[in-house]
Amino acid sequence: MEVMGWGRYPKTTAELIQPADSQALQKFVSSQKKSASCIGRGSGRSYGDSALSEQLVSSRFLDNFLELDEQQQTLRCGSGVTLGDILKVCIPRSLFLPVLPGTKAVSVGGAIAADVHGKNHHLDGSFCAHVKQISIVLASGELMSCSEQENVELFRATCGGMGLTGVIVEACLSLASIPSSYINQKSVVARNLKECFEHIEENADSKYSVAWLDCLATGKNLGRSVLYLGDHAAAKNRKTDTMYRERSGLGVPFSTPSFLLNKTTMSVFNSSYFALQKRKKSSATLSCDDYFFPLDGIANWNRLYGSNGFLQYQFVMPSESAFEGITSVLEKASENGKGSFLTVLKKFGEANENLLSFPESGYTLTLDFKNEAALFALLEELDRIVLAHDGRLYLAKDARMSEEVFKASYPNWERFMAIKKKYDPDNCFTSLQSNRLGLTP
Ligand SMILES: Cc1cc2nc3c(=O)[nH]c(=O)nc-3n(C[C@H](O)[C@H](O)[C@H](O)COP(=O)(O)OP(=O)(O)OC[C@H]3O[C@@H](n4cnc5c(N)ncnc54)[C@H](O)[C@@H]3O)c2cc1C
């Protein structure tokens, strides 16, 4: 069957394996020939080729809730359970996931494998900081448990390890308590990038923080933006405050002709959105879905970029170099006439000890680019800017980074390789991405 990531680039053909439980998965892995390669697959919300291989081992049927301990605030569940499923169960009990990415469709396995971050990384770290234990099927077919106390090196390589150590079947997660399911949002407009950085720093004690940037604004307006701050709203009415209201949205039924997305339409969109946000009230109370997952309101929005798909480019730079580096990236993209609907800036807190996790203390910028011929040369130029500012690219979004750029920016790749070799000596678990990055042959 034809398969792809959320960016719809690249596309490949693969066999889909859907084990019904961990025993079936163990049996499949043990019977694999030495030359065969497979990779775990969750909801397919990574953008590039990290979940593409000859055989995709889906966690779709590993979707059971095993134990919810409300006193200890922990949940044990299968790796195919989505974050949205968890919210449905937890919010009515005043419990919440401590870290949420921008879509609730992500599976627990995918959230661990990419060690995903949310709008609160500056305070709460990434998803795996709240993972107490993982059960994983290794290349030998053995089911192994790992955590910060047990098989620690396997844990450090699996959290953020993009599925390359084995297939995660279950995990135990810590939950947070919340007063209500609503978020009090405050928006702060910045006239340029300097002001945006200042607003982010001044509001660093806000639980959630994310800025949308008009990526085609230039000169004195470069980096003009709206910063969205959020905190959990206090409870007013216990009965309704912890009800989970799922939003149902419209869908994009087919791929939009890609010529509709050009510098002019992007520029009109960016400046109109900025003007609209400037006029809007600066505070509002939003439902969980509206605050955390605005894009989930439009099903299949990835089709808007046309049949060739799009590439999301996300990098992090340390605080010292981020202002200068992000200015250069925005200038370069704008100079090349490459606009992005969604240009998002977030502050990151300290890095953790996971070997391939993306976040490090500083700032992360995300841009979406329509896939077209001239794009790849531009992205190579952006890579050079990112490296020159001691940054790195996010593997969950990547579809084209070179081995050289990866190895120059992920300092623990050799330690990761040594652990992979120990648990997967014949490279049973490989992806198109791991081959491209020189992590597997
Ligand atoms: C609209 C949108 C917004 C997003 N916002 C954010 C964000 O704010 N922050 C952020 O960090 N990310 C964000 N992402 C990216 C997304 O969170 C990650 O790519 C995540 O890994 C996707 O999970 P998935 O279940 O779809 O996994 P897939 O895309 O299927 O796989 C991703 C990786 O996880 C591995 N994997 C999946 N399941 C397993 C398993 N059971 N065992 C072992 N390995 C496995 C795969 O091999 C692959 O390497 C966003 C994506 C979208 C589409």
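Starting from the Cα gyration tensor of the stretch 1-96, take the square roots of the eigenvalues, sort them a ≥ b ≥ c, and report rounded, prolate or oblate (rounded when a/c is under 1.5, otherwise prolate if a/b is larger than b/c, else oblate). Oblate. Amide H contacts of T285: Q185, each under 5 Å away and 5 or more positions distant or on a separate chain (H built 1.01 Å from N in the peptide plane; Pro and chain starts excluded).
Counting only residues at least eight positions apart within a chain, or on another chain, the lysines with an alpha carbon under 28 Å from that of K132 are K27, K88, K104, K119, K207, K346, K347, K397, K420, K421, K422. Applying a 4.7 Å Cβ-Cβ cutoff to the chain, the cysteines left without a disulfide-compatible partner are C38, C77, C90, C146, C172, C196, C215, C288, C428. In order along the stretch 195-210, phi translates into HN-Hα couplings of 4, 4, 4, 4, 4, 4, 5, 4, 10, 5, 8, 5, 4, 10, 7, 7 Hz, rounded to whole numbers, per the Karplus curve 6.51 cos²θ - 1.76 cosθ + 1.60 with θ = phi - 60° and x for Gly and Pro.
Just how large is the dipole of the chain about the Cα centre, in debye to the nearest 20, putting +1 at every Lys and Arg Cβ and -1 at every Asp and Glu Cβ? Mind showing how you got there, number by number?
Details: 47 positive and 48 negative charges, 259 e Å.
Roughly 1240 debye, rounded to the nearest 20.
Using the Cβ-Cβ distance between K236 and E195 with R0 set to 35 Å, the FRET efficiency from 1/(1 + (r/R0)^6) comes to roughly 0.55. Couplings for the stretch 92-101, taken from phi via the Karplus curve 6.51 cos²θ - 1.76 cosθ + 1.60 with θ = phi - 60°, read x, 9, 6, 10, 8, 7, x, 9, 10, x Hz in order; Gly and Pro are left as x. Sequentially through the stretch 345-356, phi angles give Karplus couplings (6.51, -1.76, 1.60; θ = phi - 60°) of 10, 9, 9, 10, x, 4, 6, 9, 8, 5, 5, 10 Hz, Gly and Pro residues having no value and appearing as x.
Using the Cα gyration tensor of the stretch 311-441, with a ≥ b ≥ c the square roots of its eigenvalues, what is the shape: rounded (a/c below 1.5), prolate (a/b larger than b/c) or oblate (neither)? It comes out oblate by the Cα gyration axes.
What 222 nm value per residue comes from the helices of the chain, counting each DSSP H run with n ≥ 4 as -39,500 (n - 2.57) and dividing by all residues, nearest 500 deg cm²/dmol? Spell out each step's value before the answer.
Working: 14 runs with 124 residues, N = 441.
One gets -8000 deg cm²/dmol as the mean residue ellipticity at 222 nm.
For the pair D69 and E353, the difference between a 0.36 nm per residue extended length and the Cα-Cα distance amounts to 99.5 nm.
In loop segments of the stretch 1-96 as defined by DSSP, the chymotrypsin sites (Phe, Trp or Tyr not before Pro) with at most 15 further C-beta atoms inside 10 Å of their C-beta are F61.
Only aspartates and glutamates eight or more places from K194 in sequence, or on another chain, were considered; those with a Cα closer than 13 Å are E202, E324. Only aspartates and glutamates eight or more places from K407 in sequence, or on another chain, were considered; those with a Cα closer than 13 Å are D383, D390.
Once you order the gyration tensor axes a ≥ b ≥ c over the Cα atoms, which shape class does the chain get: rounded for a/c under 1.5, otherwise prolate or oblate by comparing a/b with b/c? Please report the intermediate quantities before stating the final value.
Working: a/c = 1.61, a/b = 1.21, b/c = 1.33.
Oblate is the answer for the chain, as a/c is 1.5 or above yet b/c matches or exceeds a/b.
Taking packing as the residue-averaged number of other Cβ atoms within 10 angstrom, the listed peptides 113-120, 319-326 run from highest to lowest as 113-120, 319-326. Annotation: amide H-H contacts under 5 Å for E170 (H modelled 1.01 Å from N, sequence separation of 5 or more, or interchain): S79, S135.
Bear in mind that the values in this text are calculations on the coordinates, not laboratory data. Since we're looking at a predicted model, the values are computed, not measured. Cβ atoms come from the backbone with ideal geometry, glycine included; neighbour counts cover every protein chain shown.
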